[in-house]
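Note sheet for the following structure.
Bear in mind that the values in this text are calculations on the coordinates, not laboratory data. Predicted model, so just to flag it, every value in this text is computed and none were measured. Here the Cβ positions follow ideal geometry from the backbone for every residue, glycine too, while neighbour counts run over all protein chains shown.
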Amino acid sequence: MNLTIARLALRALLGQKRVLVLIALPVLLVALAGLLRWLTGEPVSASMVFVELGLALVVPLIALIAANGVLGPEIDDGSVVYLLSTPVSRYVVAASKFLVAAGVAVVLSVSGLVGTVLAGGLSERWLTVSLVTGGAAALLYAALFTAMSAITRHGMIAGLIYALVVEGLLGRFLSGFRYLSIRALAERIGEVAADVDLPVADLSLAYALIASVVVLVAGVLVAGWRLQRFQLRGDE
């Protein structure tokens with residue numbers, strides 16, 4: 001990891017308007033949980049608010065915005081060639097960008113989920129789910145979306161298609177697609193850690209752990225490989 005590149009990436013991410021969206025997503029989730037609890041006088045539905053909204057929508061969106069924010073704009077405007085003209089390894093560049101995106105995504109995702117548990121009146125076991133499942137999902141999504149933002153200029157669209165179509169639709173109706181779902185991997189890990197019932201019983205813990213490591217490593221390697229293919233002629 002290169003601290004200078006990481007610091008510049010963090011400054012660029014936090015200095016743009018997208019940081020307002022990043023902060024708004026978990027805040028709105030917490031506010032919704034609190035509002036529902038206030039209106040009904042009962043704890044919110046964990047499956048609806050925490051899982052279907054928090055894990056399935058808010059966490060991937062946070063990771064997608066963060067991952068595209070640290071790398072996508074530089075690729076879009078071509079300024080990445082100036083960064084790649086330095087003697088720093090392009091895999092180090094990719095790893096530095098990923099760590100910034102992952103750090104921001106994990107902090108905001110976990111904070112939002114923990115706030116949802118507290119505001120929604122859920123049991124203490126869901127705090128463990130917030131830390132384990134929320135943190136793991138944000139980390140894995142950040143790795144995948146960093147690779148996507150490096151591969152294509154349409155990384156935001158590709159990420160939305162993955163989150164909404166592959167995980168949201170295909171994963172729901174075709175059980176085999178759960179093996180390709182980051183959400184399912186994170187939920188399986190959280191299910192074991194917190195002893196809660198999440199809809200991923202057909203995934204083994206061993207597969208979830210191994211697949212998670214593969215996603216993390218492959219995400220950084222693919223991003224680095226793609227950066228290596230950039231030509232310093234301004235044609236990108």
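Values as computed for the structure displayed
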{"quantity": "Karplus-derived 3J(HN,Hα), 6.51/-1.76/1.60, for each residue of segment 144-151, Hz, glycine and proline x", "calculated": "5, 6, 5, 5, 5, 5, 7, 6"}
{"quantity": "Principal-axis tilt of helix 3-14 within the chain, Cα atoms, nearest 10 degrees", "calculated": "60"}
{"quantity": "Options Val110, Ala194, Leu127, ranked by Cα towards positive dipole end of the chain, top entry (Cβ charges)", "calculated": "Val110"}
{"quantity": "Positive dipole terminus of the chain, leading residue within Tyr179, Ala163, Leu205 (C-beta point charges)", "calculated": "Ala163"}
{"quantity": "Under-5 Å amide H pairs with Ser123, H placed in peptide plane, nonlocal only", "calculated": "none"}
{"quantity": "Segment 1-72: trypsin sites (Lys or Arg not before Pro) in DSSP loop, at most 15 other beta carbons within 10 Å", "calculated": "Lys17"}
{"quantity": "For segment 182-188, 3J(HN,Hα) per residue [Karplus equation, 6.51 cos²θ - 1.76 cosθ + 1.60, θ = phi - 60°, Hz, x = Gly/Pro]", "calculated": "5, 4, 5, 4, 5, 5, 5"}
{"quantity": "Options Leu29, Ala63, Asn2, ranked by Cα towards positive dipole end of the chain, top entry (Cβ charges)", "calculated": "Asn2"}
{"quantity": "Residue of Trp225, Trp38, Trp126 that the Gaussian network model of the chain assigns the largest fluctuation, springs spanning Cα pairs under 10 Å", "calculated": "Trp38"}
{"quantity": "With Cα atoms, 0 to 90° folded angle of helix 90-120 axis to the chain main axis", "calculated": "20"}
{"quantity": "Under Karplus coefficients 6.51, -1.76 and 1.60, residue-wise ³J(HN,Hα) of segment 159-164 in Hz, glycine/proline x", "calculated": "x, 5, 4, 5, 5, 8"}
